[in-house]
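**Student:** Got a structure here, written out as structure tokens. Questions coming.
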Amino acid sequence: MSMHDAEVARMDELEGSLWWYRGLRALILRMLKDHAPKASSILDAGCGTGGMLHAIGQCRPDAKLHGLDLSEASCAFTRRKTGAQVVQGSIDALPFPDAAFDAVVSLDVLGYRMDREAALRGFLRVLRPGGMLVLNLAAYQWMLSYHDRAVGQEKRFTRREAIGLLRAAGFEPVQATYWNTLLFPLMVLRRKVLPAPPASDVTPFNPLMNGVF
């Protein structure tokens with residue numbers, strides 16, 4: 001197993017248990033239920049190792065699931081985990097036809113180095129009329145830290161910035177909110193006041209702390 005494959009395998013293991021992923025999945029499933037209850041063809045753009053697609057599939061067993069990721073190792077994990085149609089590629093050059101999906105999910109991807117405007121225009125292109133885009137973005141550029149550098153993320157967003165980007169690409173936002181507010185002061189303390197060594201915070205937590213979070 002290569003070093004990259006080992007990192008992907010580690011991500012796959014953490015995706016099943018880490019509090020952050022569990023909370024994010026619950027939030028995204030609620031957004032899809034509220035805003036795209038009838039979506040039957042769903043793309044996860046930047047699907048990682050497939051945890052989100054797996055959760056969607058459990059809630060919507062009849063939906064046609066599709067995934068896209070830059071890493072072929074991640075794509076392979078997602079295929080095995082979900083049975084979805086998964087292709088290797090970048091979200092700023094989507095290899096899908098026009099009006100292919102009822103909903104597109106993209107979680108913590110737009111902050112990486114890419115053509116963000118092209119990615120958003122691509123999301124609009126592959127959505128059917130009335131389709132729904134669900135994004136999760138890291139908040140506040142001043143919170144950029146060792147964690148972001150470790151995972152390759154260069155951009156964080158305010159709510160106003162995100163809405164502006166969406167409208168410039170042709171979307172009309174229906175809900176835009178911050179989340180994880182209760183834990184935010186702890187994140188500021190961890191990343192800005194008492195910074196850890198230069199590594200990702202996506203690591204195993206003490207089981208008790210993980211459960212509390």
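The values are calculated or read from the model by the stated rules, or taken from the named source; none is laboratory data. Please read all numbers here as calculations on a predicted model, not as lab measurements. Note that we place each Cβ from the backbone using ideal geometry, even for glycine, and neighbour counts take in every protein chain shown. Accessible surface is based on the protein model in full, side chains and every heavy atom, while ligands, DNA and RNA are left aside. Shrake-Rupley method; radii C 1.70, N 1.55, O 1.52, S 1.80 Å.
**Student:** Out of everything in the range 1-28 that is within 17 Å of Thr78 (Cβ to Cβ) and under 13 Å from the mean Cα position of the chain (by Cα), what residue ends up being modelled with the lowest pLDDT?
**Tutor:** Step by step, filter the range 1-28, then rank; the result is Glu15.
**Student:** A further question follows. Only one of Gly83, Gly23, Gly50 is at positive phi and open to solvent by 20 Å² or more (accessible area, probe 1.4 Å). Can you tell me which?
**Tutor:** None of the other options fit; the residue is Gly83.
**Student:** Restricted to the range 70-80, and to residues that are in contact with a Ser or Thr (Cβ under 7 Å, 6 or more places away or on another chain) and surrounded by 19 or more Cβ atoms within 10 Å (Cβ to Cβ), which residue is nearest to Arg30 (Cα to Cα)?
**Tutor:** Thr78
The rows are residues; the columns are (1) closer than 24 Å to Val126 by Cα; (2) modelled with pLDDT under 90.
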residue: Met143; (1), (2): no, yes
residue: Thr158; (1), (2): no, no
residue: Leu166; (1), (2): yes, no
residue: Gly170; (1), (2): yes, no
residue: Pro195; (1), (2): no, yes
residue: Thr203; (1), (2): no, yes
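**Student:** Would you mention how many residues in the range 97-114 are touching a helix residue (DSSP H, G or I) at 6+ places or on another chain (Cβ under 9 Å) and either over 16 Å from Leu29 (Cα atoms) or open to solvent by 10 Å² or more (accessible area, probe 1.4 Å) (or both)?
**Tutor:** 11
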